[in-house]
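Okay, structure first, notes after.
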Amino acid sequence: MAEVTATVALTRADVVPSRKRVKLPAWLEVAKPRLIPLLLATTLGGMALTEGWPLSSPRLICTLGGGALASAAAGVLNCLWEQDLDGRMNRTSGRALPSGRLSPTTAFIGAIACTLAAAMLLVSGVNCLAAGLSLLGLCSYVLLYTALLKPRTTQNIVVGGVAGAIPPLVGAAAATGHIGLGGWWLFALVMVWTPAHFWALALLLREDYRAVGIPMLPVVKGPVVTARAISRYGWATVLLSGFGILALPTGGLFYGLMLLPYNNRLLQLVHRLAADPDSLTNAKSLFRWSILYLFGICLLLILSRSALAAHLDQQMIAMLMQMGVA
(Lines give C-alpha, C1' and ligand atoms only; values in the text may rest on other atoms or scores of the structure.)
Protein backbone atom coordinates (compact mmCIF):
# COMPACT_ATOMS: atom_id res chain seq x y z
CA MET A 1 0.00 0.00 0.00
CA ALA A 2 1.35 3.41 -0.90
CA GLU A 3 2.73 5.35 2.04
CA VAL A 4 1.50 8.85 2.82
CA THR A 5 4.41 11.20 2.14
CA ALA A 6 5.31 14.83 2.60
CA THR A 7 3.93 15.72 -0.83
CA VAL A 8 0.45 15.73 0.72
CA ALA A 9 -0.38 18.93 2.56
CA LEU A 10 -1.98 18.47 5.94
CA THR A 11 -3.75 21.02 8.08
CA ARG A 12 -3.83 21.14 11.86
CA ALA A 13 -7.39 19.83 11.66
CA ASP A 14 -6.08 16.72 9.92
CA VAL A 15 -3.57 16.17 12.71
CA VAL A 16 -6.03 16.95 15.52
CA PRO A 17 -9.47 15.74 14.28
CA SER A 18 -11.34 17.46 17.13
CA ARG A 19 -10.62 20.76 15.41
CA LYS A 20 -12.98 19.71 12.61
CA ARG A 21 -15.74 18.65 14.99
CA VAL A 22 -15.61 21.45 17.55
CA LYS A 23 -15.87 25.09 16.50
CA LEU A 24 -14.96 27.36 19.39
CA PRO A 25 -16.32 30.87 19.96
CA ALA A 26 -13.91 33.56 18.76
CA TRP A 27 -13.07 34.80 22.26
CA LEU A 28 -12.23 31.26 23.40
CA GLU A 29 -10.38 30.25 20.23
CA VAL A 30 -7.68 32.91 20.71
CA ALA A 31 -6.99 31.61 24.23
CA LYS A 32 -5.82 28.29 22.70
CA PRO A 33 -7.69 26.16 25.27
CA ARG A 34 -6.46 22.88 23.75
CA LEU A 35 -2.96 23.64 25.03
CA ILE A 36 -4.02 24.31 28.61
CA PRO A 37 -4.76 20.74 29.88
CA LEU A 38 -1.20 19.54 29.21
CA LEU A 39 0.27 22.58 30.95
CA LEU A 40 -1.95 21.93 33.97
CA ALA A 41 -0.97 18.24 33.93
CA THR A 42 2.72 19.16 34.20
CA THR A 43 1.81 21.59 36.98
CA LEU A 44 0.25 18.69 38.89
CA GLY A 45 3.33 16.61 38.12
CA GLY A 46 5.51 19.28 39.69
CA MET A 47 3.35 19.22 42.80
CA ALA A 48 3.48 15.42 43.06
CA LEU A 49 7.29 15.55 43.11
CA THR A 50 7.33 17.46 46.41
CA GLU A 51 6.82 16.61 50.05
CA GLY A 52 3.90 19.07 50.01
CA TRP A 53 1.72 16.66 48.03
CA PRO A 54 -1.25 16.46 48.22
CA LEU A 55 -2.18 20.14 48.35
CA SER A 56 -5.28 21.48 50.06
CA SER A 57 -8.23 21.96 47.72
CA PRO A 58 -8.23 25.80 47.84
CA ARG A 59 -4.51 26.01 47.04
CA LEU A 60 -4.83 23.41 44.28
CA ILE A 61 -7.77 25.24 42.68
CA CYS A 62 -6.00 28.61 42.85
CA THR A 63 -2.83 27.17 41.32
CA LEU A 64 -4.60 25.48 38.44
CA GLY A 65 -6.97 28.39 37.89
CA GLY A 66 -4.15 30.91 37.86
CA GLY A 67 -2.11 28.74 35.54
CA ALA A 68 -5.03 28.35 33.13
CA LEU A 69 -5.62 32.12 33.07
CA ALA A 70 -1.93 32.86 32.46
CA SER A 71 -1.84 30.29 29.65
CA ALA A 72 -4.96 31.81 28.10
CA ALA A 73 -3.39 35.28 28.22
CA ALA A 74 -0.24 33.95 26.54
CA GLY A 75 -2.34 32.33 23.81
CA VAL A 76 -4.21 35.56 23.10
CA LEU A 77 -1.02 37.63 22.95
CA ASN A 78 0.52 35.05 20.62
CA CYS A 79 -2.49 35.33 18.30
CA LEU A 80 -2.27 39.12 18.38
CA TRP A 81 1.41 39.09 17.49
CA GLU A 82 0.93 36.63 14.64
CA GLN A 83 -2.39 37.81 13.22
CA ASP A 84 -0.79 39.17 10.02
CA LEU A 85 1.18 35.96 9.59
CA ASP A 86 -1.95 33.87 10.17
CA GLY A 87 -3.81 35.92 7.59
CA ARG A 88 -1.29 34.91 4.89
CA MET A 89 -1.66 31.16 5.42
CA ASN A 90 -4.64 29.21 4.09
CA ARG A 91 -4.96 27.00 7.16
CA THR A 92 -4.99 29.94 9.62
CA SER A 93 -6.70 32.71 7.66
CA GLY A 94 -10.05 31.72 9.16
CA ARG A 95 -8.88 32.24 12.73
CA ALA A 96 -10.71 34.74 14.89
CA LEU A 97 -8.37 37.72 14.47
CA PRO A 98 -7.33 37.56 10.79
CA SER A 99 -10.92 36.75 9.74
CA GLY A 100 -12.28 39.74 11.65
CA ARG A 101 -14.53 37.67 13.94
CA LEU A 102 -12.75 39.26 16.92
CA SER A 103 -11.20 42.71 17.10
CA PRO A 104 -7.57 43.14 18.23
CA THR A 105 -8.68 45.62 20.88
CA THR A 106 -11.12 43.16 22.42
CA ALA A 107 -8.48 40.43 22.35
CA PHE A 108 -5.88 42.65 23.99
CA ILE A 109 -8.26 43.72 26.75
CA GLY A 110 -9.06 40.05 27.35
CA ALA A 111 -5.34 39.17 27.57
CA ILE A 112 -4.71 41.92 30.12
CA ALA A 113 -7.74 40.87 32.16
CA CYS A 114 -6.59 37.23 32.20
CA THR A 115 -3.07 38.25 33.21
CA LEU A 116 -4.26 40.40 36.09
CA ALA A 117 -6.72 37.76 37.25
CA ALA A 118 -4.00 35.08 37.15
CA ALA A 119 -1.62 37.25 39.17
CA MET A 120 -4.24 38.11 41.78
CA LEU A 121 -5.39 34.51 42.15
CA LEU A 122 -1.86 33.14 42.52
CA VAL A 123 -0.60 35.85 44.86
CA SER A 124 -3.64 35.73 47.14
CA GLY A 125 -4.33 32.00 47.02
CA VAL A 126 -0.86 30.47 46.57
CA ASN A 127 2.35 32.48 46.89
CA CYS A 128 4.39 35.14 45.11
CA LEU A 129 6.93 32.65 43.74
CA ALA A 130 4.25 30.66 41.93
CA ALA A 131 2.75 33.89 40.59
CA GLY A 132 6.11 35.18 39.38
CA LEU A 133 6.98 31.91 37.67
CA SER A 134 3.60 31.78 35.94
CA LEU A 135 4.08 35.29 34.57
CA LEU A 136 7.62 34.37 33.54
CA GLY A 137 6.18 31.51 31.50
CA LEU A 138 3.75 33.92 29.82
CA CYS A 139 6.49 36.39 28.93
CA SER A 140 8.89 33.73 27.69
CA TYR A 141 6.24 32.32 25.34
CA VAL A 142 5.23 35.67 23.89
CA LEU A 143 8.54 37.54 23.88
CA LEU A 144 11.26 34.87 23.80
CA TYR A 145 9.65 32.28 21.54
CA THR A 146 6.99 34.07 19.46
CA ALA A 147 8.64 37.45 18.92
CA LEU A 148 12.38 36.72 19.11
CA LEU A 149 13.20 33.10 18.24
CA LYS A 150 10.42 31.72 16.03
CA PRO A 151 11.05 33.97 13.01
CA ARG A 152 14.87 33.84 13.27
CA THR A 153 16.30 30.39 14.00
CA THR A 154 15.71 26.69 13.37
CA GLN A 155 16.41 26.11 17.06
CA ASN A 156 13.48 28.30 18.12
CA ILE A 157 11.64 25.54 19.94
CA VAL A 158 14.78 24.22 21.67
CA VAL A 159 15.28 27.46 23.58
CA GLY A 160 11.72 28.76 23.37
CA GLY A 161 10.46 25.51 24.86
CA VAL A 162 11.34 26.94 28.27
CA ALA A 163 7.87 28.53 28.29
CA GLY A 164 6.15 25.16 28.25
CA ALA A 165 8.56 23.76 30.84
CA ILE A 166 7.81 26.35 33.53
CA PRO A 167 4.47 24.89 34.82
CA PRO A 168 6.26 22.11 36.79
CA LEU A 169 8.19 24.85 38.60
CA VAL A 170 4.91 26.61 39.34
CA GLY A 171 3.51 23.38 40.77
CA ALA A 172 6.56 22.78 42.96
CA ALA A 173 6.51 26.38 44.19
CA ALA A 174 2.80 26.14 44.98
CA ALA A 175 3.31 22.98 47.04
CA THR A 176 6.33 23.99 49.10
CA GLY A 177 7.15 27.66 48.48
CA HIS A 178 10.44 26.73 46.75
CA ILE A 179 11.67 24.70 43.77
CA GLY A 180 13.31 21.43 44.71
CA LEU A 181 15.17 18.81 42.74
CA GLY A 182 11.98 17.14 41.52
CA GLY A 183 10.62 20.35 40.02
CA TRP A 184 13.85 21.02 38.16
CA TRP A 185 13.94 17.44 36.89
CA LEU A 186 10.44 17.71 35.38
CA PHE A 187 11.35 21.13 33.96
CA ALA A 188 14.35 19.52 32.21
CA LEU A 189 12.27 16.58 30.99
CA VAL A 190 9.67 18.85 29.37
CA MET A 191 12.48 20.87 27.79
CA VAL A 192 14.02 17.83 26.05
CA TRP A 193 10.57 16.37 25.21
CA THR A 194 9.43 19.55 23.44
CA PRO A 195 11.67 19.52 20.31
CA ALA A 196 10.75 15.96 19.29
CA HIS A 197 7.07 16.69 19.91
CA PHE A 198 7.04 19.98 18.02
CA TRP A 199 9.27 18.95 15.12
CA ALA A 200 6.95 16.00 14.44
CA LEU A 201 4.16 18.54 14.01
CA ALA A 202 6.42 20.83 11.97
CA LEU A 203 7.10 17.95 9.56
CA LEU A 204 3.37 17.78 8.92
CA LEU A 205 2.92 21.54 8.48
CA ARG A 206 6.25 22.51 6.95
CA GLU A 207 4.75 23.77 3.68
CA ASP A 208 2.70 26.29 5.66
CA TYR A 209 5.81 27.48 7.47
CA ARG A 210 7.76 27.60 4.21
CA ALA A 211 5.07 29.74 2.57
CA VAL A 212 5.48 32.52 5.14
CA GLY A 213 9.23 32.21 5.70
CA ILE A 214 9.27 30.74 9.21
CA PRO A 215 12.60 28.88 9.55
CA MET A 216 11.37 25.72 11.22
CA LEU A 217 13.92 22.89 11.14
CA PRO A 218 12.04 20.78 8.55
CA VAL A 219 11.81 23.82 6.24
CA VAL A 220 15.51 24.72 6.41
CA LYS A 221 17.17 21.32 6.86
CA GLY A 222 14.60 18.92 5.47
CA PRO A 223 12.91 15.80 6.88
CA VAL A 224 16.04 13.61 7.09
CA VAL A 225 17.95 16.00 9.35
CA THR A 226 14.78 16.69 11.33
CA ALA A 227 14.15 12.97 11.90
CA ARG A 228 17.72 12.58 13.17
CA ALA A 229 17.24 15.48 15.56
CA ILE A 230 13.95 14.01 16.74
CA SER A 231 15.73 10.72 17.38
CA ARG A 232 18.38 12.42 19.53
CA TYR A 233 15.82 14.28 21.60
CA GLY A 234 13.62 11.18 21.82
CA TRP A 235 16.48 9.19 23.33
CA ALA A 236 17.32 12.10 25.66
CA THR A 237 13.69 12.15 26.81
CA VAL A 238 13.70 8.42 27.54
CA LEU A 239 17.00 8.56 29.44
CA LEU A 240 16.02 11.62 31.47
CA SER A 241 12.59 10.22 32.28
CA GLY A 242 14.26 7.42 34.25
CA PHE A 243 15.65 9.89 36.78
CA GLY A 244 12.11 10.31 38.07
CA ILE A 245 12.83 7.19 40.11
CA LEU A 246 15.23 9.30 42.18
CA ALA A 247 13.27 12.55 42.01
CA LEU A 248 10.10 11.13 43.56
CA PRO A 249 9.91 11.27 47.38
CA THR A 250 8.05 7.93 47.38
CA GLY A 251 6.92 5.42 44.78
CA GLY A 252 10.01 5.67 42.60
CA LEU A 253 10.22 1.95 41.82
CA PHE A 254 6.54 1.82 40.89
CA TYR A 255 7.08 4.79 38.57
CA GLY A 256 10.12 3.18 36.95
CA LEU A 257 8.30 -0.07 36.30
CA MET A 258 5.21 1.58 34.82
CA LEU A 259 7.39 3.90 32.71
CA LEU A 260 8.81 1.08 30.58
CA PRO A 261 5.91 0.67 28.10
CA TYR A 262 5.66 4.44 27.63
CA ASN A 263 9.32 4.71 26.69
CA ASN A 264 9.21 1.59 24.55
CA ARG A 265 6.37 3.03 22.45
CA LEU A 266 8.07 6.42 22.14
CA LEU A 267 11.31 4.87 20.87
CA GLN A 268 9.38 2.62 18.50
CA LEU A 269 7.75 5.63 16.84
CA VAL A 270 10.99 7.63 16.81
CA HIS A 271 12.82 4.78 15.05
CA ARG A 272 9.96 4.33 12.61
CA LEU A 273 10.18 8.00 11.62
CA ALA A 274 13.98 7.81 11.33
CA ALA A 275 13.61 4.90 8.91
CA ASP A 276 11.18 6.86 6.71
CA PRO A 277 11.51 10.63 7.38
CA ASP A 278 9.15 11.55 4.51
CA SER A 279 6.23 9.62 5.97
CA LEU A 280 3.50 11.90 7.23
CA THR A 281 1.80 8.91 8.81
CA ASN A 282 4.85 8.27 10.99
CA ALA A 283 5.17 11.95 11.90
CA LYS A 284 1.49 12.13 12.82
CA SER A 285 1.71 9.00 14.97
CA LEU A 286 4.73 10.35 16.84
CA PHE A 287 3.13 13.75 17.37
CA ARG A 288 -0.04 12.24 18.83
CA TRP A 289 1.80 9.76 21.04
CA SER A 290 4.14 12.45 22.36
CA ILE A 291 1.12 14.26 23.81
CA LEU A 292 -0.18 11.09 25.45
CA TYR A 293 3.36 10.34 26.64
CA LEU A 294 3.67 13.54 28.68
CA PHE A 295 0.16 13.17 30.07
CA GLY A 296 1.12 9.61 31.01
CA ILE A 297 4.31 10.69 32.77
CA CYS A 298 2.37 13.18 34.90
CA LEU A 299 -0.27 10.58 35.70
CA LEU A 300 2.44 8.12 36.78
CA LEU A 301 3.97 10.77 39.05
CA ILE A 302 0.63 11.30 40.76
CA LEU A 303 -0.10 7.58 41.07
CA SER A 304 3.40 7.00 42.45
CA ARG A 305 2.56 9.18 45.46
CA SER A 306 -0.35 6.94 46.46
CA ALA A 307 -0.27 4.63 49.45
CA LEU A 308 -0.59 1.61 47.17
CA ALA A 309 2.49 2.61 45.17
CA ALA A 310 4.48 3.14 48.38
CA HIS A 311 3.43 -0.31 49.59
CA LEU A 312 4.45 -1.89 46.29
CA ASP A 313 7.79 -0.10 46.55
CA GLN A 314 8.39 -1.61 49.98
CA GLN A 315 7.54 -5.07 48.71
CA MET A 316 9.87 -4.74 45.72
CA ILE A 317 12.71 -3.49 47.91
CA ALA A 318 12.20 -6.37 50.34
CA MET A 319 12.18 -8.85 47.47
CA LEU A 320 15.37 -7.38 45.99
CA MET A 321 17.08 -7.53 49.38
CA GLN A 322 16.11 -11.17 49.81
CA MET A 323 17.47 -11.96 46.35
CA GLY A 324 20.70 -10.18 47.24
CA VAL A 325 21.07 -12.14 50.45
CA ALA A 326 20.33 -15.40 48.66
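The values are calculated or read from the model by the stated rules, or taken from the named source; none is laboratory data. All values reported here derive from a predicted model rather than from experimental measurement. Don't worry about glycine lacking a Cβ; one is built from the backbone with ideal geometry, like all the others, and counts go over all protein chains shown. These accessible areas exclude ligands, DNA and RNA; they are computed on the full protein's heavy atoms, side chains included. Shrake-Rupley method; radii C 1.70, N 1.55, O 1.52, S 1.80 Å.
So the values come out like this:
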{"item": "Selection from Thr281, Thr237, Ile317, by position along the positive dipole direction of region 233-326 (Cβ)", "result": "Thr281"}
{"item": "Neighbourhood charge, 9 Å Cβ-Cβ cut-off, centred on Thr250 and excluding it, Lys, Arg +1 and Asp, Glu -1", "result": "0"}
{"item": "Percent accessible area from carbon and sulfur atoms, region 157-308, protein chains only, probe 1.4 Å", "result": "69 percent"}
{"item": "Vicinal HN-Hα couplings computed from phi for region 48-64 (Karplus, 6.51 cos²θ - 1.76 cosθ + 1.60; Hz; Gly/Pro x)", "result": "5, 7, 10, 6, x, 7, x, 7, 5, 4, x, 5, 5, 5, 5, 5, 5"}
{"item": "At q = 0.14, 0.22, 0.23, 0.26 Å⁻¹, base-10 log of I(q)/I(0) for region 86-174 (Debye sum, equal scatterers on each alpha carbon)", "result": "-0.66, -1.08, -1.10, -1.14"}
{"item": "Farthest positive-ward along region 23-155 dipole, Cα basis, beta-carbon charges - from Cys79, Cys62, Leu40", "result": "Cys79"}
{"item": "Cut-off 10 Å between beta-carbons: net charge of the residues surrounding Pro218, Lys and Arg +1, Asp and Glu -1", "result": "+2"}
{"item": "Hydrodynamic radius of the chain per Kirkwood, over alpha carbon pairs, in Å", "result": "20.7 Å"}
{"item": "Over region 49-168, relative contact order from alpha-carbon pairs under 8 Å, at least 6 apart, %", "result": "29 percent"}
{"item": "Largest-first principal axis extents of the Cα set of region 214-289 (Å)", "result": "44, 22, 17"}
{"item": "Assigned charges on the beta-carbon of Lys, Arg, Asp, Glu; the chain dipole about Cα centre (debye)", "result": "600 debye"}
{"item": "Residues of type lysines that Lys23 reaches as a straight line, Cα spacing below 24 Å, ignoring anything fewer than 8 places off in the same chain", "result": "Lys32, Lys284"}
{"item": "Separation between Cα centres of region 270-310 and region 227-267, rounded to whole Å", "result": "10 Å"}
{"item": "Dipole in debye (nearest 20) - region 172-319, about Cα centre, beta carbon charges: Lys, Arg +1; Asp, Glu -1", "result": "180 debye"}
{"item": "Assigned charges on the beta-carbon of Lys, Arg, Asp, Glu; region 91-244 dipole about Cα centre (debye)", "result": "460 debye"}
{"item": "Simple label model, 7 Å out from Cα along Cβ direction - Leu292 to Arg272, nm", "result": "1.0 nm"}
{"item": "Alpha-carbon centroids, region 34-59 and region 67-86: separation in whole Å", "result": "23 Å"}
{"item": "Surface per residue (accessible, 1.4 Å probe) for the chain, Å²", "result": "45 Å²"}
{"item": "Linear extension gain, Ser93 paired with Lys32, 0.36 nm per residue minus alpha-carbon span", "result": "20.4 nm"}
